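Input: a single structure, listed below in structure tokens.
The values are calculated or read from the model by the stated rules, or taken from the named source; none is laboratory data. For clarity, every value in this text was computed on a predicted model and none was experimentally measured. Ideal geometry is used to build each Cβ from the backbone, glycine not excepted, and the neighbour counts take in all protein chains shown.
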């Protein structure tokens, strides 16, 4: 069986920046173990699969090791494929997912995702988490699936060199580190060795946690953000009640097909 595959650099206008995601459009679902093996073979942070169902799309995301509940950059990449390569005639695509209803709208070449906002609680930073990151935070929060550590300056975020073995033992999908920005409102990085992704270049889903926090702290609903991975990624965010709008661009790197 031949399956189309696309590799898209999400959250960037340029190739070799942002976060690469593989996208596999399907007419019918493959067995879960086959989708997991494809994601493992692709060896990217995420591989997205989607099927058209009654005018909407059902989407699923796999890291090389497991299926996750929500992934932003692979959703952005999937919408890009639907608009660009499947010639979707409208300006809004609706997805059903393990995290509920998601929506992506198109305005020129800008794509905007509408995701549910995360709810977080302030906690004392767990010792193993701090040892894994290697730098004591100013504040620590726990969301639905991730920890978020807050620091004072972007230089601290760039300096972090996690102990991935320790971090992999932390019971969470991943760990967000964040600080105020200089040229943007806030910066971040995201580490998820426990999910098979040591450092994710640009993490759309993490901004469902970051946006409510920084909106409250800075007193504004529209924010600009940069993820300080080596590849860099630029994101615009807006808090809209209990939803978060996450906007970015995408570029196609590869198109082809795989044999399963």
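Brief remarks on what is shown
- Residue 223 being in contact with a strand residue (DSSP E or B) (Cβ under 6 Å, 6 or more places away or on another chain), surrounded by fewer than 23 Cβ atoms within 10 Å (Cβ to Cβ) and either closer than 23 Å to residue 122 by Cβ or not assigned by TED's automatic domain parsing to the domain that holds residue 181 (or both): yes
- If you go through the range 212-235 and pick out every residue that is touching a residue at least 60 places away in the same chain (Cβ under 8 Å) and part of a strand (DSSP E or B), you end up with 4.
- Residue count for the range 59-82 under the criterion of being more than 20 Å from residue 246 (Cβ to Cβ) and assigned to a strand (DSSP E or B): the result is 2.
- When the range 138-164 is limited to residues that are in contact with a helix residue (DSSP H, G or I) (Cβ under 8 Å, 6 or more places away or on another chain) and outside any loop (DSSP other than H, G, I, E, B), the one that is farthest from residue 126 (Cα to Cα) turns out to be 164.
- The lone exception for residue 128 - which of (1) in a loop (DSSP other than H, G, I, E, B); (2) over 21 Å from residue 210 (Cβ atoms); (3) in contact with a helix residue (DSSP H, G or I) (Cβ under 8 Å, 6 or more places away or on another chain) it fails: (1)
- Taking the range 114-125 as the range and being touching a residue at least 24 places away in the same chain (Cβ under 8 Å) and either under 17 Å from residue 215 (Cα atoms) or not assigned by TED's automatic domain parsing to the domain that holds residue 166 (or both) as the test, the residues that pass are 114, 115, 116, 117, 118, 119, 120.
- Which listed residue, of 209, 178, 203, is on the phi < 0 side of the Ramachandran plot, buried (at least 21 other Cβ atoms within 10 Å of the Cβ), touching a residue at least 12 places away in the same chain (Cβ under 8 Å) and assigned to a helix (DSSP H, G or I): 209
- Identity of the residue in the range 19-58, touching a helix residue (DSSP H, G or I) at 6+ places or on another chain (Cβ under 6 Å) and part of a strand (DSSP E or B), that ends up farthest from residue 198 (Cα to Cα): 50
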